[in-house]
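> Dropping the structure in here first, questions after.
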Amino acid sequence: MNASPASSDGAITLHRNDLPDGLTFNGSVAVDTETMGLKPHRDRLCLVQLSAGDGTAHLVQIIPPSLGGKGYDCPNLKKVLADPAITKIMHFARFDVAILQHALGITVTPTVCTKIAARLVRTFTDRHGLAALCRDMLGVELSKQQQTSDWGAKDLKPEQLAYAASDVLYLHALWAKMDALLEREGRRELAQACFDFLPARARLDILGYEDPDIFSHRA
Ligand code: MN
């Protein structure tokens, strides 16, 4: 049923409901998600994007039963995301780890996060968004035009797919730059400790401990 992709233009392949059998990732995979909004308890997971860092992206559309899909029943996708032998490269992993944990019931691990890394080493700026980092560090211009579009639609538009893919296509290159900076600044071990904490941070967020944060001095 999942054997043939819904669409593919060579660089971007859209799969409905799950990854196909036999599609594997070696060592690392870039991951991002698109949702109906920013509240995991309220907003459903619509799309999970993956890239091996080779210029191609696999997009998995999570289609709810109300639209004739299999909902969160996606064993192949869950296996990749929870595989301890595959490092997940993300930007603002805190959100994606939380929504994937909440929606799919999996612990996404191990992970690295380019936003945490940027905060640890690029202390000369407060611009740590993916678009700013891709521009500054890779010379790549990302369009954020489709960011707030309707990801719950049954048929996603080509410009939505292109946008969604662009959020994972450059993460390997960005992480390589960040990793070198973490090494240069002697913050790799601290970054690793932060990454290791992400599943617990996600659990805290899901439980409602994000505001005020448990680390906050505020009462
Ligand atoms: Mn995204």
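The values are calculated or read from the model by the stated rules, or taken from the named source; none is laboratory data. Keep in mind the model is a prediction, meaning the values are calculated, not measured. Ideal geometry is used to build each Cβ from the backbone, glycine not excepted, and the neighbour counts take in all protein chains shown.
> Between residues in region 159-170 that are within 11 Å of the ligand (Cβ to nearest atom) and residues that are modelled with pLDDT of 95 or more and among the acidic types (Asp, Glu), which pairs lie under 6 Å by C-beta distance while being six or more apart or on different chains?
164/34; 167/32; 168/32
> What's the number of the condition residue 211 fails, among (1) at pLDDT below 95; (2) loosely packed, with under 12 Cβ neighbours inside 10 Å; (3) under 18 Å from the mean Cα position of the chain (by Cα)?
Here residue 211 clears every test but (3).
> Step by step: first the residues of region 87-96, then only those that are crowded, with 22+ Cβ neighbours inside 10 Å and in contact with an Asp or Glu (Cβ under 9 Å, 6 or more places away or on another chain), then the one that is farthest from residue 27 (Cα to Cα). Which residue is that?
Among those residues, the one meeting the criterion is 96.
> Go through region 141-156 and give me each residue that's surrounded by fewer than 18 Cβ atoms within 10 Å (Cβ to Cβ) and within 15 Å of the ligand (Cβ to nearest atom).
Answer for region 141-156, where residues must be surrounded by fewer than 18 Cβ atoms within 10 Å (Cβ to Cβ) and within 15 Å of the ligand (Cβ to nearest atom): 143, 144, 145, 147, 148, 149, 150.
> Checking residue 118 against (1) assigned to a loop (DSSP other than H, G, I, E, B); (2) at pLDDT 95 or above, which test does it fail?
Only one criterion in (1) assigned to a loop (DSSP other than H, G, I, E, B); (2) at pLDDT 95 or above is unmet by residue 118, namely (1).
> Something else about it: Among the residues of region 48-75, write down those that are within 14 Å of the chain's Cα centre (by Cα) and within 12 Å of residue 167 (Cα to Cα).
Passing the criteria: 48, 49, 50, 51, 53, 57, 58, 59.
> Moving on to the next point. Give me a count of the residues in region 40-75 that are of a type outside the set (Gly, Ala, Ser) and within 16 Å of the ligand (Cβ to nearest atom).
Matching residues across region 40-75 total 14.
> If you scan region 115-129, which residues turn out to be within 16 Å of the ligand (Cβ to nearest atom) and either farther than 18 Å from residue 191 by Cα or among the charged types (D, E, K, R) (or both)?
Correct list: 115 only.
> Is it the case, given these coordinates, that residue 179 is in contact (Cβ under 8 Å) with a residue 24 or more places away in the chain, surrounded by 18 or more Cβ atoms within 10 Å (Cβ to Cβ) and charged (D, E, K, R)?
Considered against the rule, which asks whether it is in contact (Cβ under 8 Å) with a residue 24 or more places away in the chain, surrounded by 18 or more Cβ atoms within 10 Å (Cβ to Cβ) and charged (D, E, K, R), residue 179 comes out as no.
> Same structure again: Test residue 64 against the criterion of being farther than 20 Å from residue 27 by Cβ and either without any contact (Cβ under 8 Å) to a residue 24 or more places away in the chain or surrounded by fewer than 19 Cβ atoms within 10 Å (Cβ to Cβ) (or both), and give yes or no.
Taking the combined requirement at face value, the residue satisfies it.
> All but one of (1) within 20 Å of residue 96 (Cβ to Cβ); (2) more than 16 Å from the ligand (Cβ to nearest atom); (3) not charged (D, E, K, R) hold for residue 174; which doesn't?
Checking residue 174 against (1) within 20 Å of residue 96 (Cβ to Cβ); (2) more than 16 Å from the ligand (Cβ to nearest atom); (3) not charged (D, E, K, R), the one that fails is (2).
> Of the residues 191, 132, only one is away from the ligand (no atom under 16 Å from the Cβ), over 22 Å from residue 12 (Cβ atoms) and of a type in the set (Gly, Ala, Ser); which?
On the way: 132 fails: away from the ligand (no atom under 16 Å from the Cβ).
Just one listed residue meets the conditions, 191.
> Take region 30-39 and flag every residue that is touching an Asp or Glu at 6+ places or on another chain (Cβ under 9 Å) and more than 12 Å from the ligand (Cβ to nearest atom).
36, 37
> Tell me, yes or no, whether region 25-39 has at least one residue that is surrounded by 15 or more Cβ atoms within 10 Å (Cβ to Cβ), touching a Pro at 6+ places or on another chain (Cβ under 9 Å) and of a type in the set (Asp, Glu).
For region 25-39, residues surrounded by 15 or more Cβ atoms within 10 Å (Cβ to Cβ), touching a Pro at 6+ places or on another chain (Cβ under 9 Å) and of a type in the set (Asp, Glu): absent.
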